[in-house]
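Report on one structure; see the data block that follows.
The values are calculated or read from the model by the stated rules, or taken from the named source; none is laboratory data. Not measured: the values here are computed from a predicted model. Neighbour counts are summed over all protein chains in view; Cβ atoms, including those assigned to glycine, are modelled from backbone coordinates with ideal geometry.
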Amino acid sequence: MSSTSYETKGNVAVISMNNPPINGLGHELRTGIVEGLMAAQADAAIKVVVLIGTPRAFSGGADIREFGTPKTFAEPNLNTVIRTLEACTKPVIAAISGACMGGGLELAMGCHYRVALKDAQIALPEVKLGLLPGGGGTQRLPRLIGPELALNMILSGNIVPSAKLAGTQLFDQMVDGDLLTGALAFAGNVVAENLPLKKVRDIKIKMANADAFFQFARNSVSVAVRNLPAPMKCLEAVAAAVTSKSFDDGMRTERELFMQLLPTPESRALRHAFFGERAASKIPDVPDTTPLRKVEKMAVIGAGTMGGGITMNFINIGMPVTLLETKQDALDRGLATIRKNYDSSVKKGRMTAAQVDERMALIKPTLSYDDLKEADMVIEAVFEEIGVKEQVFKQLDAVMKPGAILASNTSTLDVNKIAQFTKRPQDVIGTHFFSPANVMKLLEVVRGAATAKDVLATTMALAKKIKKTAVVSGVCDGFIGNRMIEQYIRQALFLLEEGATPKQVDRAVEKWGMAMGPFRMSDLAGNDIGWAIRKRRYVEYPHIRYSRIGDRLCEQGRFGQKTGLGWYRYEAGKRDAVPDPAVEKMVEDYSKEIGVTRRKIGDEEIVHRLIFALTNEGAKILEEGIALRASDIDMVYLTGYGFPIHRGGPMLYADEIGLYNVILAMRRFATNPRGDPGFWTPAPLLAKLAAEGKSLT
């Protein structure tokens, strides 16, 4: 089926775009538009042209399936199509519904007239890919809606409903009812009134104090997005629309700036994240056509921090949740916390009190497992101890209806073992939410050995409904994220032994881009959690060296923010991490105790030891098949661990550095007498790819 169709309705030629799902501007579609225009030009009976998409999309922009292929820039490229539209001697009307974004909006702005439904979605989101609109968007949009509003749209990349732009020159008419009918009526008026061919390029921009405005914008943007070059380039392109002598001069500036951004590591990182998020939902042996199980009623076990947050995800989409606790006071506290979270949103104007009441009414609190019988899926969020999980799953196995999905929010435990506590292991799956569960975007979906394909497909679809980025993990201790973070923390503790302070380590990686350094992160999560895991490791892996400096901290009851003391000091009611001389003395004393002469450690060594620890463990996870693809690992870190988006994730970052250089750095680190002798042995996959000159991603 062709991605365009051409038909005539009286003296109107209608070119319809149909390239599912969102009319991506692929080569075939671009060619079809040009051929349609040529046909209309050649037909003397045709007086006007309507370019229309589908109800879902006029066009969502570039066809991502062609990214990185020769077709991306093959003629007719987008700029050629737009020039052809603009040069058409018969009026061309863009009829806009659904998504009109990126190249799709640039396409519409190349037409002589634009009509739209009031709920069309308008955006130039290229900045989110580390790019700027390259089809004249930075030059035409300021002419249609004014430079200030255009700059805000381009810098944010966010969607604006067409109704909010109805008073601007972007739209000539808002259509009620059927779009094509409205567009044909508008076309009739254009012909009847012999309206001129309006070219956006001919609009003159009038802006008082332009120099002062753009200088103020430069000062603001440079501070807000210092790690990303695209916003500043977007700003300069919009400034060129205002200050250039001609439209063509502005277009040349836009093109030059676009080409400067295309090869930047930041743009590669953002594009990697864009494609990685979409790839994460694809499971090779679970086709998109896999039938899904019905999930209309949810149950959650445990009303603590995690259980409450998980519950909020489902009542936010209108799904009723039965929330079970073992004691009434725990249940009451959990409900109060959920309401408190919503009340905070009310105070910020994000919700109304009535909406809070509606959501709270969807929760059925209970102390009885019998009340879970009708639930289609249950997620347990109880204490992270295998004996506790066993009790819960045996009870769930006894009461849940056949076909119900039994999910565990475990962050480290063996999902296969948990499944064996039931007589229905095919229905068991891991759903590892990240705290706070109602906020964090990541959901690790842990596929057990017996997990049925429809259970996995259903869970992935449900994750999308609650707006999570779901990444599939196989079963291993810690899955993807926590298994890797353990090695990151091990290196952080070794750095303390050797001469660094918590503040120095945190400052180095935060300056590099991490949202939070390892010690602030540990204080937030609770140092006692890491302590419990280490104590288990000492028994399971007695041959592996772990620093005991973190244990010393915990032995003093310094568990982090919840106790007011951790690696830092915390004042009541505040979350500011205040360096504590007592901790620094403890660190220095510990170094003396184990016979280490402390040394000065540079920030680059700190960053690379921590990040390459993630990369090396990630390569093992990839080779073992725990993760399906390297980009899945990066998505875990970008959405769950505060990894800087402009770095693209630990796997892409290693590729940017070059795997050979990563191996060289690891060899240097391996000469350090204080580390575990085997820690810096390159993962076999990493060594193989480095030797072959290949990459992880």
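Filter the stretch 578-603 down to the residues that are free of Cβ contacts under 8 Å to residues at least 60 places away in the same chain and in a helix (DSSP H, G or I), then identify the one that is surrounded by the fewest Cβ atoms within 10 Å (Cβ to Cβ).
Going through the stretch 578-603, the residues free of Cβ contacts under 8 Å to residues at least 60 places away in the same chain turn out to be 578, 580-582, 585-586, 588-589, 592-593, 595, 597, 602.
Next, only the ones that are in a helix (DSSP H, G or I) stay: 581-582, 585-586, 588-589, 592-593.
Values: PRO581: 8, ALA582: 12, LYS585: 10, MET586: 18, GLU588: 14, ASP589: 11, LYS592: 10, GLU593: 12.
Once the filter is applied, the top-ranked residue is PRO581.
Which condition does ALA665 not pass, out of (1) hydrophobic (A, V, I, L, M, F, W, C); (2) more than 26 Å from the chain's Cα centre (by Cα); (3) more than 20 Å from ALA492 (Cβ to Cβ), if it passes all the others?
(3)
Condition (residue is out of contact with any Gly (no Cβ under 8 Å at 6 or more places or on another chain), without any contact (Cβ under 8 Å) to a residue 60 or more places away in the chain, small (Gly, Ala, Ser) and not in a loop (DSSP other than H, G, I, E, B)) applied to the stretch 510-518: is it met by at least one residue?
Kept after step one, since they are out of contact with any Gly (no Cβ under 8 Å at 6 or more places or on another chain), are these residues of the stretch 510-518: 511-513, 517-518.
Retained after the next criterion (residues that are without any contact (Cβ under 8 Å) to a residue 60 or more places away in the chain): 517.
Imposing the further condition that a residue be small (Gly, Ala, Ser) reduces the set to 517.
Then keep just the ones that are not in a loop (DSSP other than H, G, I, E, B); that gives none.
Taking every residue of the stretch 510-518 in turn, none turns out to be out of contact with any Gly (no Cβ under 8 Å at 6 or more places or on another chain), without any contact (Cβ under 8 Å) to a residue 60 or more places away in the chain, small (Gly, Ala, Ser) and not in a loop (DSSP other than H, G, I, E, B).
Among ASP506, ASP523, ASP454, which is acidic (Asp, Glu), in contact with a Leu (Cβ under 8 Å, 6 or more places away or on another chain) and in a helix (DSSP H, G or I)? It would help to see each step written out before you state the result.
Details: ASP506 fails: in contact with a Leu (Cβ under 8 Å, 6 or more places away or on another chain); ASP523 fails: in contact with a Leu (Cβ under 8 Å, 6 or more places away or on another chain).
Just a single option satisfies the conditions, and that option is ASP454.
Mind listing whichever residues of the stretch 607-643 are part of a helix (DSSP H, G or I) and within 21 Å of LYS467 (Cα to Cα)? Working first, answer last.
Residues of the stretch 607-643 that are part of a helix (DSSP H, G or I), as a first pass: 607-623, 630-640.
Of everything in the stretch 607-643, those that are part of a helix (DSSP H, G or I) and within 21 Å of LYS467 (Cα to Cα) turn out to be SER631, ASP632, ILE633, ASP634, MET635, VAL636, TYR637, LEU638, THR639, GLY640.
Of the conditions (1) on the phi > 0 side of the Ramachandran plot; (2) surrounded by fewer than 22 Cβ atoms within 10 Å (Cβ to Cβ); (3) touching a helix residue (DSSP H, G or I) at 6+ places or on another chain (Cβ under 6 Å), LYS118 clears all except one; give me its number.
(1)
Go through (1) among the acidic types (Asp, Glu); (2) touching a Phe, Trp or Tyr at 6+ places or on another chain (Cβ under 9 Å); (3) surrounded by 22 or more Cβ atoms within 10 Å (Cβ to Cβ) for ASP202 and report which single condition fails.
(3)
Filter the stretch 355-394 for residues that are of a type outside the set (A, V, I, L, M, F, W, C), in contact with a Leu (Cβ under 9 Å, 6 or more places away or on another chain) and closer than 30 Å to ILE480 by Cα and give the result. Step through it out loud before you land on a result.
First pass over the stretch 355-394, keeping only residues of a type outside the set (A, V, I, L, M, F, W, C): 355, 357-359, 364-366, 368-371, 373-374, 376, 380, 384-385, 387, 389-391, 394.
Narrowing the set further to residues that are in contact with a Leu (Cβ under 9 Å, 6 or more places away or on another chain) leaves 364-366, 368-369, 371, 380, 384-385, 389.
GLU380, GLU384, GLU385, LYS389, listed by residue number.
Just give me the residues in the stretch 618-650 being over 16 Å from the mean Cα position of the chain (by Cα) and buried (at least 24 other Cβ atoms within 10 Å of the Cβ), in sequence order.
So the first thing to find is which residues in the stretch 618-650 are over 16 Å from the mean Cα position of the chain (by Cα), and the list is 618-629.
Answer for the stretch 618-650, where residues must be over 16 Å from the mean Cα position of the chain (by Cα) and buried (at least 24 other Cβ atoms within 10 Å of the Cβ): GLY618, ALA619, ILE621, ALA627.
Tell me which residues, restricted to the stretch 407-447, are within 20 Å of GLU390 (Cα to Cα) and of a type in the set (S, T, N, Q).
SER408, ASN409, THR410, SER411, THR412, ASN416, GLN420, THR422, GLN426, THR431
Regarding the stretch 321-342, can at least one residue be identified that is farther than 17 Å from MET306 by Cβ and among the small types (Gly, Ala, Ser)?
No: the stretch 321-342 contains no residue that is farther than 17 Å from MET306 by Cβ and among the small types (Gly, Ala, Ser).
Of (1) part of a loop (DSSP other than H, G, I, E, B); (2) of a type outside the set (D, E, K, R); (3) within 21 Å of ARG647 (Cβ to Cβ), GLY478 satisfies all except one. Which?
Of the numbered conditions (1) part of a loop (DSSP other than H, G, I, E, B); (2) of a type outside the set (D, E, K, R); (3) within 21 Å of ARG647 (Cβ to Cβ), the odd one out for GLY478 is (3).
List pairs: first residue in the stretch 109-134 and under 22 Å from PHE247 (Cα atoms) and modelled with pLDDT of 95 or more, second residue assigned to a helix (DSSP H, G or I) and among the polar types (S, T, N, Q) anywhere in the structure, Cβ distance under 7 angstrom, at least six positions apart or on different chains.
Once the first residue is under 22 Å from PHE247 (Cα atoms) and modelled with pLDDT of 95 or more and sits in the stretch 109-134, its partners that are assigned to a helix (DSSP H, G or I) and among the polar types (S, T, N, Q) give LEU131/SER267; LEU132/THR138.
Take the conditions surrounded by fewer than 22 Cβ atoms within 10 Å (Cβ to Cβ) and modelled with pLDDT of 95 or more and apply them to VAL34. Does it pass? Don't jump to the end; show me each part of the working.
Numbers: surrounded by fewer than 22 Cβ atoms within 10 Å (Cβ to Cβ): yes; modelled with pLDDT of 95 or more: yes.
Against the criterion (surrounded by fewer than 22 Cβ atoms within 10 Å (Cβ to Cβ) and modelled with pLDDT of 95 or more), VAL34 qualifies.
Can you go through ARG536, ARG575 and tell me which one is surrounded by fewer than 20 Cβ atoms within 10 Å (Cβ to Cβ), at pLDDT below 90 and assigned to a helix (DSSP H, G or I)?
On the way: ARG575 fails: assigned to a helix (DSSP H, G or I).
Step by step, each of ARG536, ARG575 is checked, and only ARG536 is surrounded by fewer than 20 Cβ atoms within 10 Å (Cβ to Cβ), at pLDDT below 90 and assigned to a helix (DSSP H, G or I).
Please pick out the residue among THR697, THR671, THR615 that is β-branched (Val, Ile, Thr) and out of contact with any helix residue (DSSP H, G or I) (no Cβ under 6 Å at 6 or more places or on another chain). Before the answer, list the steps.
Working: THR697 fails: out of contact with any helix residue (DSSP H, G or I) (no Cβ under 6 Å at 6 or more places or on another chain); THR615 fails: out of contact with any helix residue (DSSP H, G or I) (no Cβ under 6 Å at 6 or more places or on another chain).
After ruling out the rest, the residue left standing is THR671.
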